[in-house]
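The block underneath contains the structure these notes are about, expressed in C-alpha cells.
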Amino acid sequence: MLINKLEYYKTRSNYTGNICGIDDPARSKNGKLAWNLYPEQDFDYKFNSWGFRGPEYDQFINTPVNICLGDSFTVNVGGPISHSWASQLAEHFDIPTLNLGMDGAGNDAIQLLYQRACEVFDVQDTFVMYSFLPRRLRNGVFLQEVHEDKDNFEYFLRHCISGVHSCALPEYCMSAEEKMFFDKLGIYYLPRITNYSSSQHLDRTKCVIESIYNDIRGSSWPTYSSFIADADPHPDMFTEEFGYFMENKNITNRDGFHLNYDSNKKYADYFIQDSQSATVML
C-alpha cells in the first residue's frame, strides 16, 4: 500500500458511489439544477483497495508502469474516469499507466507518493499535474493553509519532482502571481483565453471577452456588439497575434469546477508531445 497511513485513505479505500467531493448536487459550483441537467450522468466512482480510482494495483507491483500524480483534477472529480487526462494518456502507451490522483492532496503529498511509488513499482515515466500551492500535508491530513506567496513558492520548489513530465492546474485556479511563477518555470497550464481560430464553434455572446476584444480591435473590425450579433470576422482574428479574445467557459465536469473530457485531452496531448520530445520540466 502507498497511502494507508494517510487520513485520505480511510475515506477512499474501496469507496464506491455516485458522488465524490464537490461532485454532489448540494456542493456543485453551478448549483443543484445544473448538476442534475449535466449531460454526462452515466458514471460512478470506484476506488480500489489502495485508495485510487482504478483497478487493483497489486498486479503491477515490481513491474514496469507509468504513473500519473495529482489531486482531484487527476482523479477527475465530476466525470467518468475514462475522461481523465491520465486515462486518455494511458491509451498511448504499451505498459500500464496508473492513476495515483488524490483529491485534496498538495504538492508535498504528491512528492511523498512519488517516492513510495518508485519503491513499489518499476516506474518508467512519471506525469504530474501539480496542485494548489497553499496545500500542506500535516500529520497525515491534507490541509488548505494561508501563506504568503513567497513561502508557497519556496515550498513548491522544495517539493516539486525532478526528472518528470509536469504541468500545473488550469489558469482559473491561479492568482496572477502564481501564473507568473509557473510562467517563469516554464510549466504548462491550460490558459483561460483561447484563440478565435480554434474557438469559432463557441457562443460569441458568452465567450468573447469584451475588454480584450476592444483593446485589440482594429478600425476595420466589427464593433463588439456587431461581432457578438454574428457579424463576419475580420481576417486578423484568425491570426496568433490578434485572435486571443475568447474564453471557453464550457470546460468543466458536472461539478462545475474540474475539467471535462475535451479539456483533459489538452493536458493528455501536452504530455504525449512532451514525452515524445524526451524533455522534462524541472
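The values are calculated or read from the model by the stated rules, or taken from the named source; none is laboratory data. Source: prediction; values computed, not measured. All Cβ positions, even for glycine, are placed from backbone atoms using ideal geometry, and neighbour counts span all protein chains on display.
Within the span defined as the stretch 236-258, one or more residues are within 28 Å of Lys32 (Cα to Cα), of a type in the set (Val, Ile, Thr) and buried (at least 17 other Cβ atoms within 10 Å of the Cβ). Looking at the stretch 70-85, can you tell me whether even one residue there is in a loop (DSSP other than H, G, I, E, B), on the phi > 0 side of the Ramachandran plot and surrounded by fewer than 18 Cβ atoms within 10 Å (Cβ to Cβ)? Within the stretch 70-85 (the criterion being in a loop (DSSP other than H, G, I, E, B), on the phi > 0 side of the Ramachandran plot and surrounded by fewer than 18 Cβ atoms within 10 Å (Cβ to Cβ)), the answer is no, since none of the residues qualifies.
Close contacts from the stretch 61-86, counting a first residue that is free of Cβ contacts under 8 Å to residues at least 40 places away in the same chain and a second that is of a type outside the set (Ser, Thr, Tyr) and not in a helix (DSSP H, G or I), with Cβ to Cβ under 6 Å and a gap of 6+ residues or different chains, come to Ile81/Arg53. Taking the conditions (1) assigned to a loop (DSSP other than H, G, I, E, B); (2) more than 30 Å from Asn152 (Cα to Cα); (3) not aliphatic (A, V, I, L, M) in turn, Phe52 satisfies each one other than (2).
Can you pull out every residue in the stretch 12-24 that is over 7 Å from Tyr45 (Cβ atoms) and either touching a Gly at 6+ places or on another chain (Cβ under 8 Å) or in contact (Cβ under 8 Å) with a residue 60 or more places away in the chain (or both)? Within the stretch 12-24, Arg12, Ser13, Gly21, Ile22, Asp23, Asp24 qualify. Count of the stretch 105-126 residues, restricted to those that are among the aromatic types (Phe, Trp, Tyr) and either within 23 Å of the chain's Cα centre (by Cα) or not assigned by TED's automatic domain parsing to the domain that holds Cys167 (or both), is 1. Annotation: Ala268 fulfils all but one of (1) modelled with pLDDT of 90 or more; (2) more than 22 Å from Thr74 (Cα to Cα); (3) among the aliphatic types (A, V, I, L, M); (4) crowded, with 17+ Cβ neighbours inside 10 Å; the unmet one is (2).
Among the residues of the stretch 136-160, the one identified as in contact (Cβ under 8 Å) with a residue 60 or more places away in the chain and under 18 Å from the mean Cα position of the chain (by Cα) is Cys160.
When Lys5, Lys29 are checked against the criterion of being at pLDDT below 95 and over 22 Å from the mean Cα position of the chain (by Cα), a single residue qualifies: Lys5. The residue that is surrounded by the most Cβ atoms within 10 Å (Cβ to Cβ), counting only those in the stretch 1-38 that are of a type in the set (S, T, N, Q) and under 30 Å from Phe60 (Cβ atoms), is Ser13.
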